[in-house]
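Quick notes on the structure that follows.
The values are calculated or read from the model by the stated rules, or taken from the named source; none is laboratory data. Note that the structure is predicted; figures quoted are calculated from it, not measured. Cβ atoms come from the backbone with ideal geometry, glycine included; neighbour counts cover every protein chain shown.
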Amino acid sequence: MEDKIHVIDGGVTAARGFQAAGLAAGIKKGGKKDMAMIYSEKPCVCAGTFTTNVVKAAPVKWDQKVVEESSSAQAVVCNSGIANACTGQEGYNACRSTAQAAAQALGIPADSVLVASTGVIGQQLPVPTLEEGVKNLDYDYRYCEKGSGRGDRAFRKESYYRRYVQRIRNDPSEYVYHAFFYHYRCRD
């Protein structure tokens, strides 16, 4: 049975039950968007592949724990500007605080929240800024105009491009898979 791949409109929120928001929380200078949250109304089966490197950023460690110990995930909170890498226990605690803030705002368990960070390595994340950002993201996706671009704009860079793919099997009784991809353009 041959799989068909179709590029679809609607992005990360094209699948029913997914919502996304993005905003400028104040992690980056100049009022640039730097936080995003994707939320699923229902718990999702999650899986991951993780580096075998001894050095792992705090979000990698947090997400690895969620994938290995939880039965599902329901939200992803992302920030750009500070990578939360090489930050030790304080960085891991920032992941926990972010997940707890999202869990409280969304009414879901903290161990169902994945976190991601990109940016400067070695700097600590401003936890109060993250927590306030999560509250504002919750408000944004619940009460503002919905649209998949709201979440991805927090991470749009010239060096990245996005692709939304929906995998549909020939058998209509099969599940429909929805994925959100960021691809880094390698330059020589």
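Would you mind telling me which numbered condition in (1) over 19 Å from Asp34 (Cα atoms); (2) part of a loop (DSSP other than H, G, I, E, B); (3) in contact with a strand residue (DSSP E or B) (Cβ under 6 Å, 6 or more places away or on another chain); (4) not hydrophobic (A, V, I, L, M, F, W, C) Gln74 fails?
(2)
Only one of these conditions is not met by His6: (1) modelled with pLDDT of 90 or more; (2) surrounded by fewer than 12 Cβ atoms within 10 Å (Cβ to Cβ). Which number is it?
Answer for His6: the failing condition is (1).
Out of Val55, Val115, I need the residue that is touching a residue at least 12 places away in the same chain (Cβ under 8 Å), among the aliphatic types (A, V, I, L, M) and in contact with a helix residue (DSSP H, G or I) (Cβ under 6 Å, 6 or more places away or on another chain). Which one?
Result of the check over Val55, Val115: Val115.
A quick yes/no check of all residues on (1) hydrophobic (A, V, I, L, M, F, W, C); (2) surrounded by 23 or more Cβ atoms within 10 Å (Cβ to Cβ):
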{"position": "Ser71", "(1), (2)": "no, no"}
{"position": "Thr98", "(1), (2)": "no, yes"}
{"position": "Ser112", "(1), (2)": "no, no"}
{"position": "Val120", "(1), (2)": "yes, no"}
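So, Val67, is that one part of a helix (DSSP H, G or I), without any contact (Cβ under 8 Å) to a residue 12 or more places away in the chain and either touching a Leu at 6+ places or on another chain (Cβ under 9 Å) or under 10 Å from Ser117 (Cβ atoms) (or both) or not?
Judged against the criteria, Val67 is not a match.
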